[in-house]
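Just below is one structure, and these are the notes that go with it.
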Amino acid sequence: MAILEVLEYPHPILKQKAEKVTQIDDALRKTLDDMLETMYDDAGCGLAAPQVGILKRMVVIDIAHEDEEPAPMFLINPEIIWRSEERVCGEEGCLSVPDMRAEVERFAKVRLRYLDRDGHEQELLAEDFLAIAVQHELDHLDGILYIDRISRLKRQMLLKKLEKSRKDKGAE
């Protein structure tokens, strides 16, 4: 397995829509494994292929806590087929917008259809933090970042903080 480079905002690939996966083979499974290793290395709980420069509709997620056994999920061509009426707000961060966080409103529950790493169709009812993680990662497949889902004023403030953080890190 290999650690992949995580693209950071404002990389143009992050704003592009990913294409459907048409073939699931060992090369694709290796890419999924590399994505998972990259996510773990960066202490993330989800990573979408566009974040590592691959414009394919695939995501890895693991919301297990540090004291729990890893529980990785591999979602290929995922699509949300149902959303609850109830919404929740939660603080989100993103490996592509490092060290920044903001409150984002999401659906409380979503039902998802996807292919697993062996190409079998699956359905999943995601609730709580998993529902938020799924929606966050699927947004990446459509070129949407969580900062696109907050007010313009909050986004401008967050991006100024991000720019300052990058300058401070560059000065070290």
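The values are calculated or read from the model by the stated rules, or taken from the named source; none is laboratory data. What you are looking at is a predicted structure, and each value in this text was computed from that prediction instead of being measured. Virtual Cβ from ideal backbone geometry, glycine too; neighbours counted across all protein chains shown. With ligands, DNA and RNA removed, areas are computed over all heavy atoms of the protein, side chains included. Shrake-Rupley method; radii C 1.70, N 1.55, O 1.52, S 1.80 Å.
Some points to look at:
- Some residue of the stretch 137-150 being open to solvent by less than 30 Å² (accessible area, probe 1.4 Å), in contact with a helix residue (DSSP H, G or I) (Cβ under 8 Å, 6 or more places away or on another chain), assigned to a strand (DSSP E or B) and modelled with pLDDT of 95 or more: no
- First in the stretch 125-137 and more than 11 Å from GLU92 (Cα to Cα), second anywhere and open to solvent by 20 Å² or more (accessible area, probe 1.4 Å) and of a type outside the set (S, T, N, Q), Cβ under 6 Å, 6 or more apart: LEU125/ARG111; GLU127/LYS109; LEU130/ILE63; ALA131/LYS109
- Pairs where the first residue, in the stretch 108-124, is without any contact (Cβ under 8 Å) to a residue 60 or more places away in the chain and the second is in a strand (DSSP E or B) and of a type in the set (S, T, N, Q), C-beta under 9 Å, 6+ apart: LEU112/GLN122; ARG113/ASN77; ARG113/GLN122; TYR114/ASN77; TYR114/GLN122; ASP116/GLN122
- The stretch 11-68, residues that are free of Cβ contacts under 8 Å to residues at least 40 places away in the same chain, open to solvent by 50 Å² or more (accessible area, probe 1.4 Å) and in a helix (DSSP H, G or I): PRO12, ASP26, ALA27, LYS30, GLU37, TYR40, ASP41
- Check on SER165, among the hydroxyl-bearing types (Ser, Thr, Tyr) and open to solvent by 20 Å² or more (accessible area, probe 1.4 Å): yes
- Matching residues in the stretch 73-89 - criterion: being surrounded by fewer than 16 Cβ atoms within 10 Å (Cβ to Cβ) and either under 16 Å from GLY46 (Cβ atoms) or within 16 Å of the chain's Cα centre (by Cα) (or both): GLU79
- Residue check, GLN122 outside any helix (DSSP H, G or I) and either open to solvent by less than 50 Å² (accessible area, probe 1.4 Å) or at pLDDT 95 or above (or both): yes
- Taking the conditions (1) touching a residue at least 60 places away in the same chain (Cβ under 8 Å); (2) open to solvent by 70 Å² or more (accessible area, probe 1.4 Å); (3) of a type in the set (A, V, I, L, M, F, W, C) in turn, VAL97 satisfies each one other than (2).
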